[in-house]
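The values are calculated or read from the model by the stated rules, or taken from the named source; none is laboratory data. Since the model is a prediction, treat every value here as computed from it, not as a measurement. Don't worry about glycine lacking a Cβ; one is built from the backbone with ideal geometry, like all the others, and counts go over all protein chains shown.
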Amino acid sequence: MFSSDKNKKIRVDKDSLRVEAIGSLDELNSYLGVITSQSDDKQLNKFLTKIQIDIFTINSILAGANLKFSASNTTALEKRIDVITEDLPKLANFVLPAGSTTATHLMYARALSRRAERRVVALSKAEEVPDNIKKYCNRLSDMLFTLFREANQKTGIKETVWKSSR
């Protein structure tokens with residue numbers, strides 16, 4: 001049951017699009033906690049904690065809370081992606097999800113993020129979802145991919161480039 005205000009309760013099925021979107025974001029949020037629990041990178045952990053707070057806010061909004069989610073959250077992701085990418089090698093091919101423990105956890109979180117985004121988009125086709133939430137979810141998977149690449153670079157692990165066997 002969700003509530004958009006104190007007097008109005010909304011009943012939804014466990015397999016509703018709303019519950020699917022919230023649940024997928026919750027799964028991602030939990031996995032970000034797994035990453036911070038095993039990572040010694042204080043800067044990364046602080047940033048992932050900020051993302052966790054953003055996800056809690058998004059889930060609260062999707063559950064009916066009368067909260068705001070600022071577009072500046074997405075802008076912050078985009079700026080951080082740009083800064084990190086400046087120090088990374090250019091990509092011309094796909095890279096395999098491999099490397100350090102933190103990096104591979106980040107790549108798995110990226111996959112969870114992409115699924116959560118698909119669930120949010122599906123929800124947005126049935127009911128209103130603020131555009132800035134959809135955009136944040138889209139950029140979040142890019143952010144996690146960039147953090148994956150940075151984590152490997154910090155540990156001196158070269159990316160494993162995928163090449164077709166043809």
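Given (1) within 16 Å of the chain's Cα centre (by Cα); (2) farther than 22 Å from ASP131 by Cβ; (3) among the aliphatic types (A, V, I, L, M), identify the lone condition not met by LEU96. The single condition LEU96 does not satisfy is (1). Scanning the range 99-119 finds no residues that are among the β-branched types (Val, Ile, Thr), under 21 Å from GLY64 (Cα atoms), surrounded by fewer than 16 Cβ atoms within 10 Å (Cβ to Cβ) and at pLDDT 95 or above.
Which one of ILE53, ILE58 is exposed (fewer than 13 other Cβ atoms within 10 Å of the Cβ) and part of a helix (DSSP H, G or I)? Write out each step before concluding.
Working: ILE58 fails: exposed (fewer than 13 other Cβ atoms within 10 Å of the Cβ).
From the options ILE53, ILE58, the qualifying one is ILE53.
ASN45 passes every criterion in (1) more than 28 Å from ASN152 (Cα to Cα); (2) modelled with pLDDT of 95 or more; (3) surrounded by 13 or more Cβ atoms within 10 Å (Cβ to Cβ) apart from (1).
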